[in-house]
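One structure is given here, and the rest of the page talks about it.
Taken together, the values in this text are just the output of simple stated rules run on the coordinates, not laboratory data. Quick caveat, the model's predicted, so the values are computed rather than measured. For neighbour counting, all protein chains shown are included, and Cβ atoms are generated from backbone atoms with ideal geometry for every residue, glycine included.
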Amino acid sequence: MPLLLLPVGHSLGATVDPVSGAPVHRVRVGPDVVRLSEPQFALWALTHGAAADQDALLSTAADLPDAAALLTGLVDDGLVAAVEPGTPAAPKFAETHQLKPLMLGLGNLPDDPDTYEIGLPGQPVAAVGAVLYRLYQWGHLETDLWAACRATAAQSGAEFADPHRLLDAVLAAVATLLGPNAAYLDTAV
């Protein structure tokens, strides 16, 4: 799998900087609130969607001045994580981050019992398999994403009994949850 660029933090909305009067966007990461300029926030927001690899992201952000430098700054500040699934760095990332739900688990579909929806009643925004749904529902109760993968893998069938394989599947599918803001990545407690 290619290197993924994943947003870290939960948007708290826009405000005006009391000193400069410039608009800023507040993003909570762990217990801290970080203020992002409009270009920084625009790039951070783009990492929630399908532009999860650097080339696609920078191509999408071509209108932003110094997008590559902005991205480097977001990575350096911990607001974007660069993760390569299938490598030893992936569990290290998972040990320091959590996947936190923002919407309801709506349950499985009557005509497709292996597909589970996430969203609001009558308004699903994501559909996932049973194992990712279980991790979405209960994984945030674990200390970190890696502990959630280990706990979920211990309860899963043969396909995802290996937590490394489950983590790779979670990382491959996480844009499905981050894009519509059904979940967010945060630093681990």
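Per residue, the convex hull spanned by the Cα atoms of the chain amounts to 128 cubic angstrom.
If the chain linking Asp114 and Asp66 were pulled fully straight, counting 0.36 nm for each residue of separation and taking away their Cα-Cα distance, it would gain 12.9 nm.
Given R0 = 41 Å, the distance between the Cβ atoms of Ala45 and Ala158 translates into a calculated FRET efficiency of 0.60.
Note on the chain: with a GNM built from Cα contacts shorter than 10 Å, the maximum mean-square fluctuation among Leu109, Leu57, Leu166 falls on Leu109.
Highest mean packing first, where packing is the average number of other Cβ atoms within 10 Å per residue, the peptides 180-188, 13-21 line up as 180-188, 13-21.
With unit charges on the beta carbons (Lys and Arg positive, Asp and Glu negative) and the dipole taken about the Cα centre of the chain, which residue among Thr152, Ala169, Ala67 sits farthest to the positive side? After comparing all options, I get Thr152. Between the listed residues Met103, Thr47, Leu57, the Cα displaced farthest toward the positive end of the dipole of the chain, a dipole computed from Cβ unit charges relative to the Cα centre, is found at Met103. Taking the Cβ-Cβ separation of Ser20 and Val75 as r and a Förster radius of 25 Å, what is the calculated FRET efficiency to the nearest 0.05? Approximately 0.50, to the nearest 0.05. Here the convex hull built on the C-alpha positions of segment 112-165 has a volume of 87 cubic angstrom per residue. Two tests apply to each whole DSSP H helix in the chain, Cα reach of 18 Å or more along its axis and mean Kyte-Doolittle hydropathy of at least 1.0, and the ones passing both are 163-178.
Using 0.36 nm per residue and subtracting the Cα-Cα separation, the extra length available between Asp53 and Thr96 on full extension is 13.4 nm. Taking the Cβ of Ala172 as the center, what net charge do the other residues with Cβ under 15 Å away carry, scoring Lys and Arg +1 and Asp and Glu -1? Here the charged neighbours net out to -4. Each listed q (0.13, 0.23, 0.31 Å⁻¹) maps to a log10 I(q)/I(0) for segment 134-189 from the Debye sum over equal C-alpha point scatterers, namely -0.30, -0.91, -1.34. Considering only alpha-carbon pairs that sit under 8 angstrom and 6 or more positions apart, the relative contact order computed for the chain is 24 percent.
Each 5 Å bin, from zero up to the one with the longest distance, holds this percent of the alpha carbon pairs of segment 4-83: 3, 16, 29, 24, 18, 7, 2, 0. Run a plain Debye calculation on segment 98-187 (Cα atoms as equal point scatterers, no solvent) and give log10 I(q)/I(0) at q = 0.19, 0.25, 0.26 Å⁻¹, rounded to two decimals, same order as the q list. After summing over all Cα pairs, the log10 values are -0.81, -1.34, -1.41. Taking every DSSP helix (H) stretch of at least 4 residues in the chain, weighting each as -39,500 (n - 2.57) and dividing the sum by the residue count yields a mean residue ellipticity at 222 nm of -10500 deg cm²/dmol.
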